[in-house]
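Data first, discussion second: the structure below is written as C-alpha cells.
The values are calculated or read from the model by the stated rules, or taken from the named source; none is laboratory data. These figures come from a predicted structure and were not determined experimentally. Please note: Cβ atoms are built from the backbone with ideal geometry, for glycine as well, and neighbour counts cover all protein chains shown. To get the accessible areas, we keep the full protein, side chains included, count just its heavy atoms, and leave off ligands, DNA and RNA. Shrake-Rupley method; radii C 1.70, N 1.55, O 1.52, S 1.80 Å.
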Amino acid sequence: MRILFIGSVIFSEKALETLLRIKANVVGVITKKKSTFNADFVDLSYIAVKNNIPCLYADEVSMEEMIDFIKSCKPDVIYCFGWSHLIPKEILDIPKLGVIGFHPAKLPQNRGRHPIIWSLFLGLEETASTFFFMDEGIDSGDILSQEIIKIEYEDDAWTLYQKIINVGLKQIENFTHQLGEASLGVGEASLGVGEASLGVSNFTFQRIKQDHSKANYWRKRGRMDGIIDFRMSSRAVYNLVRALTKPYIGAEVLYKGKLYKVWKAKEEYVNLPNIEPGKVIDIENNNILVKCYANAIWLIEHEITEEIKRGDYLL
C-alpha cells in the first residue's frame, strides 16, 4: 500500500517514524518549513531526506502544485495527522482508500480547534484518540479507529499529549496493516461510505458513521483566553495553566500592566471569605499564593520578574 503522509507537529513526527519502523511504503511527505500558530511544530523534511522520500513544503507552493505532487506519488491512501487546514475535495478524491485524518477527541463530540487544550481547561475526565476518513466537513467523516483516554487531575498538556501519542501510534500500526490488506484484496465498489465491515484475510476495518446530532465544535482560542483571571475559581485557574503549559504557549498573568508566563500551578484550599480575588496572600521562595474567587492558587513555575510582596495584587 502506497502512503502519502501530511503533517507538521510532534504527533506527525512520531507517526511518520512509526510507519517507517513497521516498513510501511511511504511514497511522499508534505510538511511545512515554518508555522506561526503550532507551538508543537515540527518540520518533517529531515525524516524524508534521511529515508529518500520525496518531500514538498506546502507553504512554498500553490494548491495546484501540491495536487500535482500528490498525483505523481500515486498514493493508495493519504495519512493527514497534525495539519490545521481543511483538505480540498480535489485531494480527498485522489487515493482509492481515502484520506485518513486524526483528532484527539471523542468524536462526534468536540470537533474543531485545540482539542487537548479545551479538554483540560474544561476539566473533562476523558478524551479519545480518533482516526477518521476525512470529508469536506470539519472532523465529520466516518470513524476508522477510536480509543478512549482517561484524563487524570494531575495531567497537563504534555502528559496528555504523551498519552495520546502512545495510544495513537498503536492504532496507526494496527489499521495500517488492515488498510494494506484491503488495498490488495478489495475492489473500489467495496470501499464506499457508510457503516460497513471490510474483511480481508485476518484483518477487518470499519467505517462507522458519526452521529452528527451529538456533535459540537470548539472554537479557535485567542490570547485573551490564556490570561488568568483570579475572579475564577482555583480549579478553573489550575485547569487553564495545565491546559496551556508546554508544548503550548503558556497561560499568562497580568501584573503592573505586563503579562508574564505561568507554566505550573497548584490549588490551595483556604477559607478567606473577606479577601478579594487577585491578592497575594503568601510567598515561599519563588512560589506565589494568590486568592481566587474560591480558594487560592500557587503559581509554582512562572516568569514573573518583578518583586512580588504579600498584599500585592495580580490582576
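Inspection of region 82-94 identifies no residue that is surrounded by 18 or more Cβ atoms within 10 Å (Cβ to Cβ) and among the hydroxyl-bearing types (S, T, Y).
If you take the residues in region 225-251 that are assigned to a loop (DSSP other than H, G, I, E, B) and hydroxyl-bearing (S, T, Y), which one is farthest from R310 (Cα to Cα)?
Going residue by residue through region 225-251, those that are assigned to a loop (DSSP other than H, G, I, E, B) are 228-233, 245-250.
Retained after the next criterion (residues that are hydroxyl-bearing (S, T, Y)): 233, 245, 248.
On the way: S233: 20, T245: 26, Y248: 30 Å.
Top of the filtered list is Y248.
Region 1-117 holds helices (runs of 4 or more DSSP H) entirely within its bounds, and those carrying 1 or more residues that are in contact (Cβ under 8 Å) with a residue 60 or more places away in the chain map to 10-21, 63-73.
For region 211-224, filtered to residues that are outside any strand (DSSP E or B) and in contact with a strand residue (DSSP E or B) (Cβ under 9 Å, 6 or more places away or on another chain), the residue that is farthest from P115 (Cα to Cα) is R223.
For L254, indicate whether it is farther than 25 Å from N110 by Cβ and either out of contact with any Leu (no Cβ under 7 Å at 6 or more places or on another chain) or part of a helix (DSSP H, G or I) (or both).
Details: farther than 25 Å from N110 by Cβ: yes; either out of contact with any Leu (no Cβ under 7 Å at 6 or more places or on another chain) or part of a helix (DSSP H, G or I) (or both): no.
For L254, the condition - farther than 25 Å from N110 by Cβ and either out of contact with any Leu (no Cβ under 7 Å at 6 or more places or on another chain) or part of a helix (DSSP H, G or I) (or both) - is not met.
Taking the condition open to solvent by less than 60 Å² (accessible area, probe 1.4 Å) and out of contact with any strand residue (DSSP E or B) (no Cβ under 7 Å at 6 or more places or on another chain), does D155 pass? Explain how you work it out, then say what you get.
On the way: open to solvent by less than 60 Å² (accessible area, probe 1.4 Å): yes; out of contact with any strand residue (DSSP E or B) (no Cβ under 7 Å at 6 or more places or on another chain): yes.
Here the answer is yes, as D155 does meet what is asked.
All of (1) aromatic (F, W, Y); (2) in contact (Cβ under 8 Å) with a residue 60 or more places away in the chain; (3) assigned to a strand (DSSP E or B) hold for Y161 with one exception: (3).
Only one of the numbered conditions (1) among the charged types (D, E, K, R); (2) outside any strand (DSSP E or B); (3) within 32 Å of the chain's Cα centre (by Cα) is not met by E267, and that is (2).
Does S12 satisfy the criteria of being more than 24 Å from F205 (Cα to Cα), out of contact with any helix residue (DSSP H, G or I) (no Cβ under 8 Å at 6 or more places or on another chain) and of a type in the set (S, T, N, Q)? Write out each step before concluding.
Values: more than 24 Å from F205 (Cα to Cα): no; out of contact with any helix residue (DSSP H, G or I) (no Cβ under 8 Å at 6 or more places or on another chain): yes; of a type in the set (S, T, N, Q): yes.
The answer is no for S12.
I'd like to know if region 54-62 contains one or more residues that are open to solvent by less than 10 Å² (accessible area, probe 1.4 Å) and either over 23 Å from the mean Cα position of the chain (by Cα) or among the hydrophobic types (A, V, I, L, M, F, W, C) (or both). Among the residues of region 54-62, not one is open to solvent by less than 10 Å² (accessible area, probe 1.4 Å) and either over 23 Å from the mean Cα position of the chain (by Cα) or among the hydrophobic types (A, V, I, L, M, F, W, C) (or both), which makes the answer no. Scanning region 282-290 finds one or more residues that are surrounded by fewer than 18 Cβ atoms within 10 Å (Cβ to Cβ), in contact with a strand residue (DSSP E or B) (Cβ under 7 Å, 6 or more places away or on another chain) and among the charged types (D, E, K, R).
Which condition does V262 not pass, out of (1) touching a Pro at 6+ places or on another chain (Cβ under 7 Å); (2) open to solvent by less than 20 Å² (accessible area, probe 1.4 Å); (3) not acidic (D, E), if it passes all the others? Tallying (1) touching a Pro at 6+ places or on another chain (Cβ under 7 Å); (2) open to solvent by less than 20 Å² (accessible area, probe 1.4 Å); (3) not acidic (D, E), V262 fails exactly one: (1). Modelled with pLDDT of 95 or more, of a type outside the set (A, V, I, L, M), open to solvent by 40 Å² or more (accessible area, probe 1.4 Å) and more than 25 Å from the chain's Cα centre (by Cα), is that true of R235? In short, no.
Might you check whether a residue that is of a type outside the set (A, V, I, L, M, F, W, C), farther than 23 Å from Q162 by Cα and in contact with an Asp or Glu (Cβ under 8 Å, 6 or more places away or on another chain) occurs anywhere in region 61-80? Break it down stepwise before answering.
Taking region 61-80 as the starting set, the residues that turn out to be of a type outside the set (A, V, I, L, M, F, W, C) are 62, 64-65, 68, 71-72, 74-76, 79.
Filter again for farther than 23 Å from Q162 by Cα, leaving 62, 64-65, 68, 71-72, 74-76.
Among the residues that remain, those that are also in contact with an Asp or Glu (Cβ under 8 Å, 6 or more places away or on another chain) are: none.
No; the residues of region 61-80 include none that is of a type outside the set (A, V, I, L, M, F, W, C), farther than 23 Å from Q162 by Cα and in contact with an Asp or Glu (Cβ under 8 Å, 6 or more places away or on another chain).
Filter region 28-53 down to residues that are polar (S, T, N, Q) and within 23 Å of the chain's Cα centre (by Cα) and give me whichever is most open to solvent (accessible area, probe 1.4 Å).
Residues of region 28-53 that are polar (S, T, N, Q), as a first pass: 31, 35-36, 38, 45, 51-52.
Checking the rest, the ones that are also within 23 Å of the chain's Cα centre (by Cα) come to 31, 35-36, 38, 45.
Working: T31: 0, S35: 34, T36: 137, N38: 28, S45: 22 Å².
Among those residues, the one meeting the criterion is T36.
Scanning region 64-81 for residues that are open to solvent by less than 40 Å² (accessible area, probe 1.4 Å) and either among the charged types (D, E, K, R) or modelled with pLDDT under 95 (or both) gives a single hit, D76. Here G123 passes the criteria (1) open to solvent by 10 Å² or more (accessible area, probe 1.4 Å); (2) modelled with pLDDT of 95 or more; (3) within 23 Å of K32 (Cα to Cα) except the one numbered (3).
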